[in-house]
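The block underneath contains the structure these notes are about, expressed in structure tokens.
The values are calculated or read from the model by the stated rules, or taken from the named source; none is laboratory data. Remember, predicted model here, so these are calculated numbers, not experimental data. Cβ sites come from the backbone with ideal geometry, for glycine too, and all protein chains shown count toward neighbours.
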Amino acid sequence: MKPRVFSAMQPTADSLQLGNYLGALVQWVRLQDTHDAIYSVVDLHALTVAPDPEVLRRRSRATAAQFLAAGVDPQRSIVFLQSHVAEHAQLAWLLSTFTGMGEAGRMTQFKDKSAKVGEAGTNVGLFTYPILMAADILLYDTDLVPVGEDQRQHLELSRDLAERLNTRLGEGSVVVPDAHIVESVAKIYDLQDPTKKMSKSAVSPKGTIEILQDPRQVAKNIKSAATDSDAVIAFDREAKAGVSNLLTIYSALDGRSVEQLVADYEGKMYGHLKVDLAEVVVSYLTPLRDSAMEWIESPARLDSVLEEGAAKARTIASATLARLYERVGLVAPTSRR
Ligand code: TYM
């Protein structure tokens, strides 16, 4: 038996951005070779931001399409929509009874997001979001969770809950998952404000590289990326955040190390770096975008992949949930005894 990998993305935008791709999706595709992989579009999580129903449906399919376009292979891996497997919400409830208020309240993403929208705009789902995320992971006896840096704290909570379940309900209740965070690409920064992470919900669209964006716009955004005034191409996360981010992206897509790139661009200007990088990014994203558009334009084919995935996911998830229901002391229906 291969070890299990599980990960997921929220359908909160029409397109994924390059941070989602480099920080997570590239690792998802690689891990298929060595792991039994399960990847989900977490549409229930996306409800925390009160999306328009039609927009949510469109984005859920578009997100799955981008997984497939990037190389997630439904012949080898399970790809599904979270809401198709009811066990996610069911386990989240059980886990919420194992989670302390203080513990959930310490989550920095909750604090940031709720501070942004204010108390009146903050729903309870936003607070319990990391518990649903732990349910996603623990349902599948997951060994490894490939994510970007921003999910580290949520992963810690998942691990704490797993250990608590094993202590309180007995060893073997759930598998304690490890985060898989590739440091060099764990945080891709906004092109306009390189102190902030690149995000699907960025304030300025110019700071983001979207997978499904018009390539001309991608090139424009790269060429207008914020840099600094000393005009030396070097890697320094603190003093030269903008250039360092461009070098990180360049290295991840082109294969040359950051050191090699710095050597190759010695004496050249930022403009050179940006023009070359724009070309690298555009030629990288073009086939990805074309393939994603093909999936988006064949919703019936896409839905059938997602339904097959959900059926397989359900088989695993229902066994885990039954095991935990039994261990916490719920009476099993006669059909399951
Ligand atoms: P989400 O949808 O915000 O992001 C999806 C993945 O992309 C990574 N990521 C980045 N990596 C590098 N640089 C960036 N700028 C960047 N922006 C995003 C994220 O770390 C993530 O890996 N809570 C999760 C979704 C989720 C999940 C799960 C993940 C729900 N259940 C279970 C793993 C396992 C989220 O909001 O990701």
Log entry, pairs with first residue in segment 194-222 being in contact (Cβ under 8 Å) with a residue 60 or more places away in the chain, second being within 16 Å of the ligand (Cβ to nearest atom) and aromatic (Phe, Trp, Tyr), beta carbons closer than 8 Å, six or more apart or on different chains, reads Lys197/Tyr189; Met198/Tyr189; Ile211/Tyr21
### Message
Can you confirm whether Asp136 is within 18 Å of Met107 (Cα to Cα), of a type in the set (Asp, Glu), in contact with a Leu (Cβ under 9 Å, 6 or more places away or on another chain) and crowded, with 16+ Cβ neighbours inside 10 Å?
### Response
yes
Flagged in segment 299-313 as surrounded by fewer than 16 Cβ atoms within 10 Å (Cβ to Cβ), under 24 Å from the mean Cα position of the chain (by Cα) and either under 24 Å from Leu161 (Cβ atoms) or without any contact (Cβ under 8 Å) to a residue 12 or more places away in the chain (or both), in numbering order, are Arg301, Ser304, Ala311
Could you tell me whether any residue of segment 195-214 is over 27 Å from Pro146 (Cβ atoms), in contact with a strand residue (DSSP E or B) (Cβ under 9 Å, 6 or more places away or on another chain) and among the charged types (D, E, K, R)?
no
If you go through Ser173, Ser184, Ser201, the only one that is assigned to a loop (DSSP other than H, G, I, E, B), closer than 24 Å to Leu18 by Cα and hydroxyl-bearing (Ser, Thr, Tyr) is Ser201
- Could you tell me whether segment 201-215 includes any residue that is more than 16 Å from Tyr284 (Cβ to Cβ) and in contact with a Lys or Arg (Cβ under 6 Å, 6 or more places away or on another chain)? no
Taking segment 1-46 and keeping only residues that are touching a helix residue (DSSP H, G or I) at 6+ places or on another chain (Cβ under 8 Å), in a helix (DSSP H, G or I) and in contact (Cβ under 8 Å) with a residue 40 or more places away in the chain, one is left with Leu18, Tyr21, Leu22, Gly23, Leu25, Val26, Trp28, Val29, Asp43, Leu44, His45
The helices (runs of 4 or more DSSP H) lying entirely within segment 70-152 that contain at least 3 residues which are within 15 Å of the ligand (Cβ to nearest atom) and within 16 Å of the chain's Cα centre (by Cα) are 124-138
Verdict on Ser229 being modelled with pLDDT under 95 and either among the polar types (S, T, N, Q) or over 13 Å from Gln17 (Cα atoms) (or both): yes
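Mind checking which residues of segment 196-210 are hydrophobic (A, V, I, L, M, F, W, C), closer than 11 Å to Ala13 by Cα and modelled with pLDDT of 85 or more?
Here is the first cut: in segment 196-210, the residues hydrophobic (A, V, I, L, M, F, W, C) are 198, 202-203, 209.
Filter once more, keeping what is closer than 11 Å to Ala13 by Cα: 202.
Of everything in segment 196-210, nothing turns out to be hydrophobic (A, V, I, L, M, F, W, C), closer than 11 Å to Ala13 by Cα and modelled with pLDDT of 85 or more.
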> Is it the case that segment 48-55 has a residue that's at pLDDT 95 or above, closer than 28 Å to Val305 by Cα and among the small types (Gly, Ala, Ser)?
Replying inline: no
Output for Cβ contacts, cut-off 6 Å, separation at least six or different chains, first residue touching a residue at least 12 places away in the same chain (Cβ under 8 Å) and within 23 Å of Thr128 (Cα to Cα) in segment 47-70, second crowded, with 20+ Cβ neighbours inside 10 Å and of a type in the set (Asp, Glu), reads Ser60/Asp43
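In segment 269-279, is there at least one residue being assigned to a loop (DSSP other than H, G, I, E, B), without any contact (Cβ under 8 Å) to a residue 40 or more places away in the chain and over 30 Å from Thr12 (Cα atoms)? Walk me through how you get there before you give the answer.
So the first thing to find is which residues in segment 269-279 are assigned to a loop (DSSP other than H, G, I, E, B), and the list is 269.
Add one more test, that the residue is without any contact (Cβ under 8 Å) to a residue 40 or more places away in the chain, and what stays is 269.
When the remaining residues are screened for being over 30 Å from Thr12 (Cα atoms), the result is 269.
Within segment 269-279 (the criterion being assigned to a loop (DSSP other than H, G, I, E, B), without any contact (Cβ under 8 Å) to a residue 40 or more places away in the chain and over 30 Å from Thr12 (Cα atoms)), the answer is yes, since at least one residue qualifies.
Matching residues to (1) on the phi < 0 side of the Ramachandran plot; (2) of a type in the set (Val, Ile, Thr):
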{"position": "Lys111", "(1), (2)": "yes, no"}
{"position": "Gly118", "(1), (2)": "no, no"}
{"position": "Gly125", "(1), (2)": "yes, no"}
{"position": "Thr128", "(1), (2)": "yes, yes"}
{"position": "Ala135", "(1), (2)": "yes, no"}
{"position": "Thr142", "(1), (2)": "yes, yes"}
{"position": "His154", "(1), (2)": "yes, no"}
{"position": "Arg159", "(1), (2)": "yes, no"}
Log entry, pairs with first residue in segment 318-337 being closer than 17 Å to Ala135 by Cα, second being at pLDDT below 95 and exposed (fewer than 14 other Cβ atoms within 10 Å of the Cβ), beta carbons closer than 9 Å, six or more apart or on different chains, reads Ala322/Ala332; Ala322/Arg336; Tyr325/Ala332; Tyr325/Arg336; Glu326/Ala332; Glu326/Arg336
